[in-house]
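Just so it is clear, none of the values below were taken in a lab; they were calculated from the coordinates. Since this is a predicted model, take the numbers as computed values, not measurements. Here the Cβ positions follow ideal geometry from the backbone for every residue, glycine too, while neighbour counts run over all protein chains shown.
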């Protein structure tokens, strides 16, 4: 039984980046789709698509999200670190005033807010806080 599906998604991405895979599949959920959208908007992944699951996949009818990973012109990783911040045992919330740029703006935090899943830049622009899901740089 999986207790933290977001951590599972981030770990699958981290492992795929480690072996230089072109894409990675994660079980589909609305929250994971929104996280993939933020990563695409901020330029950390080249795209994603929703796929149907086969009965032999063993995940049920929800389907998959296939995320296309992005690498630099010389093969360097675009995502150096992808880290889960808020965990099921310790939730991490930040007010809009407390959101600081990650690595002086070179990275992002992904937040779940009342306005949807946003990057820290978007959350500061909209003046909303929320739960800090992950940090990417």
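The table for this structure:
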item	result
Approximate spin-label separation residue 21-residue 3, in nm, with each point projected 7 Å along Cα-to-Cβ	2.5 nm
Computed label-point distance, nm, for sites residue 87 and residue 71 using a 7 Å Cα→Cβ extension	3.1 nm
Choice from 67, 59, 110 showing the highest fluctuation, given a GNM over the chain with Cα pairs closer than 10 Å	59
Crossing angle, helix 5-18 versus the chain [Cα axis fit, 0-90 degrees, rounded to tens]	70 degrees
Full-extension gain in nm, residue 104 to residue 59, via 0.36 nm per residue minus C-alpha separation	12.2 nm
Helix-only CD estimate at 222 nm, as mean residue ellipticity for the chain, using -39500 (n - 2.57) per DSSP H run (n ≥ 4)	-7500 deg cm²/dmol
The chain: angle of helix 30-41 to the longest principal axis, Cα-based, in degrees nearest 10	70 degrees
Among [x] 21.2; [y] 15.1; [z] 15.5, the entry derived from the coordinates for Kirkwood radius over Cα pairs in Å	[z]
The range 5-136, relative contact order [Cα under 8 Å, separation at least 6], %	22 percent
